[in-house]
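What follows is a single structure, written as structure tokens, with notes after it.
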Amino acid sequence: MAPRSSRTIFAREFFDLQFAFAETAAALSGISLELALLKYTNLYVRFGLGRDFDSEHELWRAYAAGLKTAADGREWTYRYYLRDAEANTSPAVLATVGCFSYAVVDSNVVRLHFRNTDPEGCSPLSASRYGQRRAELTELFARIKSELAQELVVAGISWLYNLNAYRRLFPPDYTASACVVHGLYRSMPLWGQFLHYGGGVKTTMARSFLEAIAKRRSIADLGDCFPFPVLTVEAPIRSLYAFYGV
């Protein structure tokens, strides 16, 4: 099977899920639906508008204007996404090896990113792909070591660190540092847990999530409806060099 395209077009159900969450957030907090969609979903990024979350951005204003007159706000949201789906949504990275890439932030922090690039129908974290994932990380850190001489810290932020299949790819001191990060409603490290490798939604997980948010009576409790929290991890880069033998 051929590798997946560089753009994964996400299914409408992924946007409907976020729209439902925003509707609940608006109802519980008393803010407008437009503001809830900006504050409590990943739509701004998925529309290719960057990560400034500027409510006055020309393209966000166009989306909001259409939302006001749309007969079906969810349908309008997905049509607006499809106008140029997944353009300009990827974070800036310095190098990519297989499913992994990295960027440098705050001058001395290497930020790891994961994106499934395996053939469709193949789970990238399955036991059969463990050797390939380790090889990719080994090559990536060998590149970092050759290109970045200074002492660095490696950091990651994702719901994936809840999974043993992902944690086992990294040194124990890195994953043992895991801390929960709350309130990342605009972030794919939170919403990505609902997606399977084809860009569709995990139906059972999504249904349970919708049932949970329907029962909430306080905006403060809404974040507890997500199946997995976002975890942040970090360790000195020398620990990862040693683990991968580079």
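The values are calculated or read from the model by the stated rules, or taken from the named source; none is laboratory data. These numbers were taken from a predicted model, which means no experiment stands behind them. Using ideal geometry, Cβ is built from the backbone for each residue, glycine included, and neighbour counts are taken over all protein chains shown.
Given the options Ser158, Ser187, name the one that is under 17 Å from the mean Cα position of the chain (by Cα) and in the same structural domain as Arg46 (by TED's automatic domain parsing).
Ser187
Would the stretch 160-168 turn up any residue that is at pLDDT 95 or above and within 23 Å of Arg51 (Cβ to Cβ)?
Scanning the stretch 160-168, I find at least one residue that is at pLDDT 95 or above and within 23 Å of Arg51 (Cβ to Cβ), so the answer is yes.
So which residues in the stretch 6-29 are among the small types (Gly, Ala, Ser) and farther than 18 Å from Tyr81 by Cα? Even if it seems obvious, please write down each step before you answer.
The initial filter retains those residues of the stretch 6-29 that are among the small types (Gly, Ala, Ser), namely 6, 11, 20, 22, 25-27, 29.
The answer is Ala25, Ala26, Ala27, Ser29.
For the stretch 1-104, which helices (runs of 4 or more DSSP H) that fit wholly inside it have 2 or more residues that are closer than 22 Å to Thr203 by Cβ and free of Cβ contacts under 8 Å to residues at least 24 places away in the same chain?
Answer list for the stretch 1-104: 12-29.
Any residue that is of a type in the set (A, V, I, L, M, F, W, C), more than 20 Å from the chain's Cα centre (by Cα), outside the structural domain of Ala20 (by TED's automatic domain parsing) and in a helix (DSSP H, G or I) - is there at least one of those in the stretch 143-152?
yes
Does Arg111 satisfy being in a helix (DSSP H, G or I) and outside the structural domain of Asn42 (by TED's automatic domain parsing)? I'd like the intermediate steps shown before the answer.
Numbers: in a helix (DSSP H, G or I): no; outside the structural domain of Asn42 (by TED's automatic domain parsing): yes.
No.
Just to be sure I understand the filter: pairs with C-beta atoms under 6 Å, separated by 6 or more residues or on different chains, first member in the stretch 229-242 and farther than 30 Å from Phe209 by Cα, second member hydroxyl-bearing (Ser, Thr, Tyr) and crowded, with 20+ Cβ neighbours inside 10 Å. Which pairs pass?
Ala235/Tyr174
Quick one: in the stretch 174-190, of everything that is in a loop (DSSP other than H, G, I, E, B) and not charged (D, E, K, R), which residue is surrounded by the most Cβ atoms within 10 Å (Cβ to Cβ)? Let's see the steps before the verdict.
Of the residues in the stretch 174-190, the ones in a loop (DSSP other than H, G, I, E, B) are 176-178, 182-187.
Now narrow it down to the ones that are not charged (D, E, K, R): 176-178, 182-185, 187.
Numbers: Ala176: 11, Ser177: 15, Ala178: 16, His182: 10, Gly183: 11, Leu184: 18, Tyr185: 20, Ser187: 18.
Checked the stretch 174-190; the qualifying residue surrounded by the most Cβ atoms within 10 Å (Cβ to Cβ) is Tyr185.
Kindly evaluate Leu210 against the criterion of being among the aliphatic types (A, V, I, L, M), in a loop (DSSP other than H, G, I, E, B) and either over 17 Å from the mean Cα position of the chain (by Cα) or closer than 30 Å to Tyr241 by Cα (or both).
Details: among the aliphatic types (A, V, I, L, M): yes; in a loop (DSSP other than H, G, I, E, B): no; either over 17 Å from the mean Cα position of the chain (by Cα) or closer than 30 Å to Tyr241 by Cα (or both): yes.
Answer is no for this residue.
Can you tell which of Ala235, Ala206 is crowded, with 17+ Cβ neighbours inside 10 Å and in the same structural domain as Asn116 (by TED's automatic domain parsing)?
Ala235
Any idea which residue in the stretch 60-116 is farthest from the chain's Cα centre (by Cα), counting only those that are of a type in the set (Ser, Thr, Tyr) and farther than 30 Å from Leu169 by Cβ? Lay out the reasoning, then the answer.
The initial filter retains those residues of the stretch 60-116 that are of a type in the set (Ser, Thr, Tyr), namely 63, 69, 77-78, 80-81, 89-90, 96, 101-102, 107.
Okay, now just the ones that are also farther than 30 Å from Leu169 by Cβ, so 63, 69, 77-78, 80-81.
Working: Tyr63: 22, Thr69: 30, Thr77: 19, Tyr78: 18, Tyr80: 20, Tyr81: 17 Å.
My answer is Thr69.
Give the number of residues within the stretch 213-246 that are basic (Lys, Arg) and in a loop (DSSP other than H, G, I, E, B).
2
May I ask you to say which residue of Phe47, Phe114 is farther than 19 Å from Ala11 by Cα and among the aromatic types (Phe, Trp, Tyr)?
Matching residue, one of Phe47, Phe114: Phe114.
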